[in-house]
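The values are calculated or read from the model by the stated rules, or taken from the named source; none is laboratory data. Predicted, not measured: the structure shown is a model, and the values here were computed from it. As a convention, Cβ positions derive from the backbone with ideal geometry for all residues, glycine included, and neighbour counts pool all protein chains shown.
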Amino acid sequence: MRRGVSENMSDDRQELRWVRVAEGKWRLVTRREFLRLVGAGLGAAAFGPFVFTEKTAAQPVTLRILQWRHFVPPYDEWFDKVFAPKWGEKNGVRVVVEHVGLAEIPAIAAGEAARVAAGADPGHDMIQYLTPPATLERQVDTEAHREVIEELKRKVGPYIPLAEKSTFNPVTRRYFGVSDNFVPDPMHYRGWMWREASAKALGRATAGPVTWDDVRKVGRELRRMGHPVGLGLSQEIDTGMWLRALMYSWGTGEQDEGGNVILDVPPYRQRTLDALKFVRDLYNETMFAGVFAWTAASNNEEFLAGRISIAMNAISITRTAQTLAAQALKRGEDPKTSKAVLLARDTLITERAPQGPAGARGLEHVMGVYFIWRNRPRAVREAAKKFLMDLILSYDPDVAAREGWPPGKFHASQAYDYPTFENAIPKAKRLAYLRNDPVSRAAGDRPDKLVTIETAYEWAHNVGWPGPSSAAVDEVFNTWILNVMFARVAQGIDTPEQALDAAARQIRRVFQKWREQGLVGGRR
Amino acid sequence: MADRRRRGDWRRGLRIGGRALILGAFCTFTAFPFAWMLITAFKRNSDLYNPVNNPFWFNEPPTLEHLEYVFTKTLFANWIANTALVGVAVVGITLLLALPAGYSLSRFLGAWGARLGVGMFLVYLVPPTLLFIPLARVVSELRLHNTLWSLILIYPTITVPFATWLLMGFFKSIPPELEEQALVDGYSRMGAFLRVTLPLAVPGIIAVVIFSFTISAQEFVYALSFVTNVARKTVSVGVPADMVRGDIFDWGPLMASAFLASVPVAVLYYFVMDKFVRGFTTAGAIR
C-alpha cells in the first residue's frame, strides 16, 4: 500500500493540500486523502448522532426547574438540598432549581411561552404550575408528558381521574402537563364553637359540619357568637374554589363532560339559581362584609386570629396553627394553657366536602402540574422526564431511602402533597404517617388528626368538573366570572337570574374563543 | 381697640389651628404606612395576630426576630445591592440619553420638538404588563435572561421617554440668550451646554435621577419576568417572592424588608426634596 502511494506520489504531488490534523499542526495530503477525509467527516456528521448517542447523552446536562416556594419549608429543604442534587449526581445532570411565589408563576410562564413560540431558549426547561396549565398546550412537550405518565402507570398503577382531567385535553388527545400532586380542600372549623352553636341551632351538639345546610343553620348561631363564617366572595382563588365545590354539590357547573356550557341550560339553570340563592342567604345570615374584600391569605389570617369560625382551605390552616403551637411549646409554654396549643387542638377539618342536594363534592385546593417546554435539547428532555418519574416514585419513603434521598416527597411535604399516582406511596404507608403525624405530635395535637384527609380521593374534583380543566375553564376561573356572579347576588346588586344570564354570556364567549383555537370541545 | 386686638388674635389662632389641623391630618395620612411598617416589623406574631390587641401599638415586648429572619434566612442584602446596581446604571443611561435628547428637542426643532416630546411621553404610558411578553423575546435573543443586564437594558425604555419630556420643558425655561452669550464669548455649542445650561438644569437633573432610581427600585413586572434566580433578584421582587409561602404571608419579615428598603430612598428625598420639587415645577431654574 505504502508502495502504491509512493508510486503515485509524483502524479498527486501537484494536488497536495494543507490540512489541519491537530491544534497548530498541519500536514500536506493528497487529493485522494483529502476527499477521503472530507467524506469521513460528512459521514460522521450525518450518522454520528445515531452512532454516538450514548456518548452524547453522557455529556453534562443542565436541567433548569422553576417551581413555587412550597407552603411547607422542609419540603423545599428536601427538594433543593437532598433530592435534586443527589438525583443530579446519580444521573450526571446539573439540576438548577429556582423558587418563586405561586402568584408569580403565571407571569413568568407567559414570558417563557413567548420565547418558546419564537424558538428561543425559554430560560427554564420545566415549570411546576399550581393549576392546570391548559392554555400553554401549544408551547409544551405533550409527547414527553404522555411518555412520563404511561411509564408511571406501568410502574405504580393508575393516574387518578382528578389528575387525568387536570392534565389531558380530550379534544387534542394531548397531555399538557404531568400532575405530581394535589392538595385537598376540606372545610376547617373551630371545634368548641361548632359544638356550642350546633347545640343551639340543631338541638344537639354535633362533631362538625356535614352538609351545606348545617353550615347555614349553625352559621347563624356562630355569627351571633361573634365568629361568623369566613368564605370569600371576592375576585381571588379560594372564592373560586369553594363556590365551584358548592355548585358541583348542587349538581351544576360551568360545563358538561363534552365541554358544553350548561350553567344556564335546563335542568342545570334551576340548580344554578338555587345555588345562587343559597349563597345569598348564607352570606346574609352567617357572614360579614369583609368576605367581599377576601384575599388568598384571609382565610388563614382570619381563622388563626380567632375571628372566623369556618373556612375552606388546604391543610395550611391546621399546619400553621400547629407550627405556632410547636413554637409556643419550645418557648416553654404549658400545653394545658397555651393559647397557641389550644387553638391548634381546636382547629378541625371535615371528613369530607360538605354535602349539597346532589352530593358531597369538593375541589383540589392546589393542583401541582409540571410541564416541559417543547423543543428542548434531547438530553435535557430525557433528563426532565427521568427527573419527574423519580420525583413521583420518591413519594414512597422506602424508595426514597433506597435511592439515597430520604425521607421522600410525602413525608417531606408533611402530607401536604397528595399523590396523583395513588400508589406512588401505598395507602398503608400514607395512613401510617397520618396516624402518627410528627407535626401534630410536636404541636401537642392529636397525632391522627389529619387521617381523614385520605377520603379526598373520593370527593376532590377538578376545576371544570364534570368536564376537563380546559383552557376555557382556566380563563373563566382566572377572570373570576363565577365569583362576580355570586358576589353580585349576595350584595343584592343583581337578581339570581340577571347574574346567571350575564355570567353565562361571558362564559360562552370564552369557550367560543378557545373552540376556535381547537383546544376546547363542545358546541354550545 | 382691645376688642379688635382680641378678635385679631382669635382669628390668627383659628387660622394657625386650622392649618395645623390640616397639616396634621395630611402628615398622619402620609406617615401612617411607614409607622405601620415600623410597628409591625418589631411586633411578635402572637401580638400581631391577636384581634383583641391594639393594632397600632405594642401589646407584647418588641422583637428583633423578623429583622434577624430577613438578614439570616433570605438574600435581602443581595437584593438591595442588586437594586442599587441596577438603579445607578439606569440613572446613568437615562441621563446620557435624555439630557442631549431633551436639549435638542427644546432648542433645535421648534414646534416639532414639542410634538415629538409629547409623542415620547405617550410611549411612557404603555403599560409594562403589555410590553413584557414581546420584550421577553428581545431579552432572550440578546441572551440576557436571568441577568441584571436585562433590567439595565429594559428600564431605560420607561425612564428615558419621561426624563426627556421632563428635561425638554426644563431646558425651555432656560433663556437661550444665556447660551448665545456663551457662544459669543467663544464657547462651542457643547461647551455652552456643559458650562452654562447644565448647571442651571441641576434641579431637573435631580428630578430625573430620583425618578429613574425610584422607578428602577419599585418596578415589578419586568423584574419578575426576566430574573428568576433568587440571588439576582431586585428587592421589589425578592421580598414578596421569598416571604410569601402559598397563602401564608410572613407579615413581620415583609414589613421589616419594606421598611429597610424605603429608608435610603426616604433619606435621599429628604436631602434633595427642594430641588426635586423645583425640577418638576421647572420654576426658579434660573433664579
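Can you pull out the residues in the range A:401-429 that are farther than 17 Å from A:Glu364 by Cβ, in a helix (DSSP H, G or I) and touching a residue at least 12 places away in the same chain (Cβ under 8 Å)? Let's see the steps before the verdict.
As a first pass, look at the range A:401-429 and keep what is farther than 17 Å from A:Glu364 by Cβ: A:401-408, A:411-412, A:414, A:423, A:425-429.
From what is left, the residues that are in a helix (DSSP H, G or I) are A:401-403, A:411-412, A:423, A:427-429.
Residues satisfying the conditions are A:Glu403, A:His411, A:Ala412, A:Asn423, A:Lys427, A:Lys429.
Filtering the range A:490-517 down to residues that are hydrophobic (A, V, I, L, M, F, W, C) and more than 23 Å from A:Ser234 (Cβ to Cβ), which residue is surrounded by the most Cβ atoms within 10 Å (Cβ to Cβ)? It would help to see each step written out before you state the result.
Taking the range A:490-517 as the starting set, the residues that turn out to be hydrophobic (A, V, I, L, M, F, W, C) are A:490, A:493, A:499-500, A:502-504, A:507, A:510-511, A:514.
Those left that are additionally more than 23 Å from A:Ser234 (Cβ to Cβ): A:511, A:514.
Numbers: A:Phe511: 26, A:Trp514: 23.
Checked the range A:490-517; the qualifying residue surrounded by the most Cβ atoms within 10 Å (Cβ to Cβ) is A:Phe511.
Here are the criteria: (1) more than 14 Å from chain A (Cβ to nearest Cβ); (2) touching a residue at least 40 places away in the same chain (Cβ under 8 Å). Tell me which single one B:Thr74 does not satisfy.
Against the list (1) more than 14 Å from chain A (Cβ to nearest Cβ); (2) touching a residue at least 40 places away in the same chain (Cβ under 8 Å), B:Thr74 comes up short only on (1).
Could you check, for the range B:88-107, whether at least one of its residues is within 16 Å of B:Glu219 (Cα to Cα), surrounded by fewer than 20 Cβ atoms within 10 Å (Cβ to Cβ) and within 20 Å of the chain's Cα centre (by Cα)?
Filtering the range B:88-107 for residues within 16 Å of B:Glu219 (Cα to Cα) gives B:88-91, B:94.
Now drop any that are not surrounded by fewer than 20 Cβ atoms within 10 Å (Cβ to Cβ), which leaves B:88-89.
With the extra rule that they be within 20 Å of the chain's Cα centre (by Cα), the set shrinks to B:88-89.
Taking every residue of the range B:88-107 in turn, at least one turns out to be within 16 Å of B:Glu219 (Cα to Cα), surrounded by fewer than 20 Cβ atoms within 10 Å (Cβ to Cβ) and within 20 Å of the chain's Cα centre (by Cα).
Go through the range A:273-323 residue by residue and tally those that are within 10 Å of chain B (Cβ to nearest Cβ) and without any contact (Cβ under 8 Å) to a residue 12 or more places away in the chain.
3
Quick one: A:Lys330 ticks every box in (1) surrounded by fewer than 19 Cβ atoms within 10 Å (Cβ to Cβ); (2) of a type in the set (Lys, Arg); (3) facing chain B (nearest Cβ under 10 Å) except a single one, so which number is it?
So the condition that A:Lys330 fails would be (3).
If I ask for residues that are without any contact (Cβ under 8 Å) to a residue 40 or more places away in the chain and either crowded, with 18+ Cβ neighbours inside 10 Å or within 31 Å of the chain's Cα centre (by Cα) (or both), which ones from the range A:258-272 would you list? Can you show your working first?
Going residue by residue through the range A:258-272, those that are without any contact (Cβ under 8 Å) to a residue 40 or more places away in the chain are A:262, A:266-268, A:270.
If the condition is that a residue be without any contact (Cβ under 8 Å) to a residue 40 or more places away in the chain and either crowded, with 18+ Cβ neighbours inside 10 Å or within 31 Å of the chain's Cα centre (by Cα) (or both), then A:Ile262, A:Tyr268 are the ones that fit.
Could you give me the residue pairs with C-beta distances under 6 Å whose first residue belongs to the range B:42-54 and is more than 7 Å from chain A (Cβ to nearest Cβ), whose second residue is buried (at least 17 other Cβ atoms within 10 Å of the Cβ) and part of a helix (DSSP H, G or I) wherever it lies, and which are 6+ apart or on separate chains?
B:Asn53/B:Asp47
With the checklist (1) more than 10 Å from chain B (Cβ to nearest Cβ); (2) outside any loop (DSSP other than H, G, I, E, B) in hand, flag the one item A:Val171 doesn't pass.
Answer for A:Val171: the failing condition is (2).
Taking B:Arg115 as the residue in question, decide whether it is away from chain A (no Cβ under 14 Å), without any contact (Cβ under 8 Å) to a residue 24 or more places away in the chain, part of a helix (DSSP H, G or I) and over 20 Å from B:Ile93 (Cα atoms). Before the answer, list the steps.
Values: away from chain A (no Cβ under 14 Å): yes; without any contact (Cβ under 8 Å) to a residue 24 or more places away in the chain: yes; part of a helix (DSSP H, G or I): yes; over 20 Å from B:Ile93 (Cα atoms): yes.
Yes: the conditions hold for B:Arg115.
Counting just the residues of the range B:183-236 that are outside any helix (DSSP H, G or I) and more than 14 Å from chain A (Cβ to nearest Cβ), which one comes out nearest to B:Thr164 (Cα to Cα)?
In the first step, residues of the range B:183-236 are kept if they are outside any helix (DSSP H, G or I); the result is B:185-188, B:201, B:219-220, B:227-229, B:233-234.
Right, trim to more than 14 Å from chain A (Cβ to nearest Cβ) and you get B:185-188, B:201.
Working: B:Asp185: 29, B:Gly186: 28, B:Tyr187: 25, B:Ser188: 23, B:Ala201: 13 Å.
Top of the filtered list is B:Ala201.
Quick one: count up the residues across the range B:71-88 that are at pLDDT 95 or above and hydroxyl-bearing (Ser, Thr, Tyr).
So the count comes out to 1.
Conditions (1) within 14 Å of chain B (Cβ to nearest Cβ); (2) modelled with pLDDT of 95 or more, marked per residue:
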residue	(1), (2)
A:Val100	yes, no
A:Pro122	yes, no
A:Gln128	yes, yes
A:Thr131	yes, no
A:Val156	no, yes
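Are any residues in the range B:88-142 within 24 Å of A:Glu112 (Cα to Cα) and either among the hydrophobic types (A, V, I, L, M, F, W, C) or not assigned by TED's automatic domain parsing to the domain that holds B:Ile152 (or both), and if so, which ones?
B:Val126, B:Leu130, B:Leu131, B:Phe132, B:Ile133, B:Leu135, B:Ala136, B:Val138, B:Val139, B:Leu142
I'm checking my understanding of the structure. Among residues of the range A:192-223 that are touching a residue at least 24 places away in the same chain (Cβ under 8 Å) and of a type in the set (Lys, Arg), which one is nearest to A:Ile481 (Cα to Cα)?
A:Arg216
Name, by its number, the condition in (1) within 14 Å of another protein chain (Cβ to nearest Cβ); (2) at pLDDT 85 or above that does not hold for B:Asp247.
With (1) within 14 Å of another protein chain (Cβ to nearest Cβ); (2) at pLDDT 85 or above applied to B:Asp247, the lone miss is (2).
Determine if the range A:276-289 includes at least one residue that is among the hydrophobic types (A, V, I, L, M, F, W, C), part of a helix (DSSP H, G or I) and in contact with a Ser or Thr (Cβ under 7 Å, 6 or more places away or on another chain). Can you show your working first?
Here is the first cut: in the range A:276-289, the ones among the hydrophobic types (A, V, I, L, M, F, W, C) are A:276, A:278-279, A:282, A:287-289.
Next cut, part of a helix (DSSP H, G or I) only: A:276, A:278-279, A:282, A:289.
When the remaining residues are screened for being in contact with a Ser or Thr (Cβ under 7 Å, 6 or more places away or on another chain), the result is none.
No; the residues of the range A:276-289 include none that is among the hydrophobic types (A, V, I, L, M, F, W, C), part of a helix (DSSP H, G or I) and in contact with a Ser or Thr (Cβ under 7 Å, 6 or more places away or on another chain).
Please enumerate the residues belonging to the range A:86-96 that are under 22 Å from the mean Cα position of the chain (by Cα) and either of a type in the set (Lys, Arg) or at the interface with chain B (Cβ under 10 Å from one of its Cβ atoms) (or both).
Of everything in the range A:86-96, just one residue is under 22 Å from the mean Cα position of the chain (by Cα) and either of a type in the set (Lys, Arg) or at the interface with chain B (Cβ under 10 Å from one of its Cβ atoms) (or both), namely A:Val96.
Is at least one residue of the range A:298-317 under 14 Å from A:Ser440 (Cβ atoms) and not in a loop (DSSP other than H, G, I, E, B)? Please lay out each step first, then the result.
Let us first name the residues in the range A:298-317 that are under 14 Å from A:Ser440 (Cβ atoms), namely A:315, A:317.
So of that shortlist, the ones also not in a loop (DSSP other than H, G, I, E, B) come out as A:317.
Scanning the range A:298-317, I find at least one residue that is under 14 Å from A:Ser440 (Cβ atoms) and not in a loop (DSSP other than H, G, I, E, B), so the answer is yes.
Of all residues in the range A:467-524, which are within 20 Å of A:Glu164 (Cα to Cα) and assigned to a loop (DSSP other than H, G, I, E, B)?
Selection gives A:Gly467, A:Pro468, A:Ser469, A:Ser470, A:Gly518, A:Leu519, A:Val520, A:Gly521, A:Gly522.
Among the residues of the range B:28-70 satisfying the criterion of being in contact with a Leu (Cβ under 9 Å, 6 or more places away or on another chain) and of a type in the set (Phe, Trp, Tyr), which is modelled with the lowest pLDDT?
Residue satisfying both the conditions and the ranking: B:Tyr49.
Given the conditions (1) under 14 Å from B:Ala256 (Cβ atoms); (2) modelled with pLDDT of 90 or more; (3) outside the structural domain of B:Val263 (by TED's automatic domain parsing), which single one is not true for B:Ala25?
(1)
Given (1) outside the structural domain of A:Gly258 (by TED's automatic domain parsing); (2) farther than 25 Å from B:Thr147 by Cα, where does A:His124 come up short, assuming only one miss?
The failed condition is (2).
Would the range A:437-457 turn up any residue that is under 25 Å from A:Thr239 (Cβ atoms), modelled with pLDDT of 95 or more and touching a Gly at 6+ places or on another chain (Cβ under 7 Å)?
No, the range A:437-457 contains no residue that is under 25 Å from A:Thr239 (Cβ atoms), modelled with pLDDT of 95 or more and touching a Gly at 6+ places or on another chain (Cβ under 7 Å).
Return yes when A:Met241 is assigned by TED's automatic domain parsing to the domain that holds A:Glu302, in contact with a His (Cβ under 8 Å, 6 or more places away or on another chain) and either surrounded by fewer than 24 Cβ atoms within 10 Å (Cβ to Cβ) or assigned to a helix (DSSP H, G or I) (or both) and no when it is not.
Details: assigned by TED's automatic domain parsing to the domain that holds A:Glu302: yes; in contact with a His (Cβ under 8 Å, 6 or more places away or on another chain): yes; either surrounded by fewer than 24 Cβ atoms within 10 Å (Cβ to Cβ) or assigned to a helix (DSSP H, G or I) (or both): yes.
Against the criterion (assigned by TED's automatic domain parsing to the domain that holds A:Glu302, in contact with a His (Cβ under 8 Å, 6 or more places away or on another chain) and either surrounded by fewer than 24 Cβ atoms within 10 Å (Cβ to Cβ) or assigned to a helix (DSSP H, G or I) (or both)), A:Met241 qualifies.
From the set of residues in the range B:132-168 that are aromatic (Phe, Trp, Tyr) and away from chain A (no Cβ under 11 Å), which is surrounded by the fewest Cβ atoms within 10 Å (Cβ to Cβ)?
Start the filter on the range B:132-168 by keeping residues that are aromatic (Phe, Trp, Tyr), which leaves B:132, B:149, B:155, B:162, B:165.
If we keep only those that are away from chain A (no Cβ under 11 Å) as well, we get B:149, B:155, B:162, B:165.
Working: B:Trp149: 17, B:Tyr155: 24, B:Phe162: 20, B:Trp165: 24.
Restricting to residues being aromatic (Phe, Trp, Tyr) and away from chain A (no Cβ under 11 Å), the top hit is B:Trp149.
Quickly run through the range A:133-143 and pick out the residues that are within 14 Å of another protein chain (Cβ to nearest Cβ) and β-branched (Val, Ile, Thr). Break it down stepwise before answering.
Narrowing the range A:133-143 to residues within 14 Å of another protein chain (Cβ to nearest Cβ): A:135-136, A:139.
A:Thr135 - this is the single residue of the range A:133-143 that is within 14 Å of another protein chain (Cβ to nearest Cβ) and β-branched (Val, Ile, Thr).
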